[in-house]
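Q: Take a look at this one; I'll ask things after.
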Amino acid sequence: MTDLFHPTNLGALDLANRIVMAPMTRSRANEAGVINPTASEYYATRAGAGLIVSEGINVGPRSRAFDRTPGLWTDEQTEGWKAVVDRVHEKGGRIVAQLWHAGRASARGLLSEEQPLSPSGVNDDLDALQVWALLANGAYVRIAATSSRAMTLGEIQDVVDEFRVAAANAVRAGFDGVEIHGANGYLIHQFLSPTINLRTDGYGGNSEGRSRLLQEIVAAISEVMPPSRIGLRLSPFADYNSTRDPKPEDTYGPLARWLQTACLAYLHLADTNAWTGAPDYERMHSMIRGHYSGPLIVNAGITPERAAGIISSGEADAVAFGRLFLANPDLPARIRAGGPYNAPQRIGIYGGSDTGYLDYPSLETTVGRG
């Protein structure tokens, strides 16, 4: 029987186990979007994962929902990530870069006073958008979103090219692949939504038009790396960032059928509503598996015990853990031992120093204290 510790392949990605580190924003880059030097240690201590998905990495300067998040469009940013990737590889790990554009979930203060971009300039729900910034006193707080405007056709093509350039820089940095962030109410998810995307050109209308941006991004990234090294994260039912898709089946059924033919490394399904105690895992899994039989990672606030059942039943090929990996750098060892598990600290999740970042105790230390 397959378990969490059986090796597997997701496309061209060889995983030593089925335990994936989910992408988690940590907001510790500098003002130029260069990842913090201690990120090398943060990621290297988690290299026991079968696969690490990096925190969201901005593909361009107009893609920030969270202050002090890293980028991958300059040489300096690329060199910063190279140091991280090298350390992960030295520890025997695998890591992909999650490529991110926040779209309308942003504010002028994070974008050098530029207006956020969106499919159609829908701004009736700004209070529902999650935008965060670092204050001068060191506090990391939620701030008001700024009204967005509809993207021109030229700006859409600019974004497609930003994803291609970021992927090329990921190759230069040594990443094993990339994951396209199509979830959580960010730009790609916004284009997929019939409520947020009201365009009447080729990037709107029916599900095919609304998925065109995503498909063009996949094609652009495929120019610099094989599709077998490209993953995609989706959250079809997510309420986060108010994407408001009234009939996800009409959007994601056709998209899943396209993914069946796209030969990507994997699809990463995120049940974002599980964060607030309203899980959609079962219907999300059923909807996608009705059309897509390729490599699948699932992420839904899943316990190690539930993850073991998911893998043994064949529901998915791997399970991604977020908060558990944040607080437990040696999570695979802890799962094998049956715990115990550190709980995440509230201080230091976003921004700040190495407190709440590098100071979680190892299993060996925890058991020793016991």
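Q: Out of the stretch 29-80, which GluC sites (Glu not before Pro) are coil in DSSP terms and have no more than 13 other C-beta atoms within 10 Å?
A: Of the GluC sites (Glu not before Pro), the ones in loops of the stretch 29-80 whose Cβ has at most 13 other Cβ atoms within 10 Å are GLU31.
Q: As a test, work out the antiparallel percent of DSSP beta bridges whose residues both lie in the chain, rounded to the nearest 5.
A: In the chain, DSSP labels about 20 percent of beta bridges as antiparallel.
Q: Still on this model: Which residue, THR355, THR276, THR69, has the most motion in a Gaussian network model of the chain that connects Cα atoms within less than 10 Å?
A: Highest fluctuation of the listed residues: THR276.
Q: Roughly how many Å is it from the Cα centre of the stretch 31-67 to that of the stretch 170-190, as a whole number?
A: Centre-to-centre (Cα) distance: 12 Å.
Q: Also, I was wondering about something else. Given a Förster distance of 35 angstrom, what is the FRET efficiency for GLU315 paired with THR195, based on the Cβ-Cβ distance and rounded to 0.05?
A: Calculated transfer efficiency: 0.75.
Q: Taking the simple approach of a point 7 Å from Cα along Cα-to-Cβ for both THR355 and LYS91, what is their distance in nm?
A: In this crude spin-label approximation the distance works out to 2.3 nm.
Q: Counting only heavy atoms of the protein chains, get the accessible area per residue of the stretch 154-289 (1.4 Å probe) and round it to a whole Å² value.
A: For the stretch 154-289, the solvent-accessible area averages 35 Å² per residue.
Q: In what order, largest first, do HIS285, HIS89 sit by accessible area if the probe radius is 1.4 Å?
A: Sorted by accessible area, descending: HIS89, HIS285.
Q: Same structure, new question: Given a Förster distance of 45 Å, report the FRET efficiency between SER286 and ALA343 from their Cβ-Cβ distance, rounded to the nearest 0.05.
A: 0.90
Q: Can you give the FRET efficiency to the nearest 0.05 for ALA128 and ARG172, using r as the Cβ-Cβ distance and R₀ = 41 Å?
A: According to the calculation, E is roughly 0.65.
Q: Send over a whole-number figure in Å² for the accessible area per residue of the stretch 10-50, probe 1.4 Å.
A: Counting only protein heavy atoms, the per-residue value for the stretch 10-50 is 27 Å².
Q: For the chain, which whole-number percentage of the solvent-accessible area (1.4 Å probe, protein heavy atoms only) is attributable to carbon and sulfur atoms?
A: Summing carbon and sulfur atoms, their accessible area is 51 percent of the total for the chain.
Q: Based on the Cα atoms of the chain, what semi-axes does the equivalent ellipsoid have, where each is the square root of 5 times one gyration tensor eigenvalue, given in whole Å with the largest first?
A: Semi-axes from the Cα gyration tensor: 29, 24, 20 Å.
The values are calculated or read from the model by the stated rules, or taken from the named source; none is laboratory data. For clarity, every value in this text was computed on a predicted model and none was experimentally measured. Ideal geometry is used to build each Cβ from the backbone, glycine not excepted, and the neighbour counts take in all protein chains shown. These area figures cover heavy atoms from the full protein model, side chains too; ligands, DNA and RNA do not enter into them. Shrake-Rupley method; radii C 1.70, N 1.55, O 1.52, S 1.80 Å.
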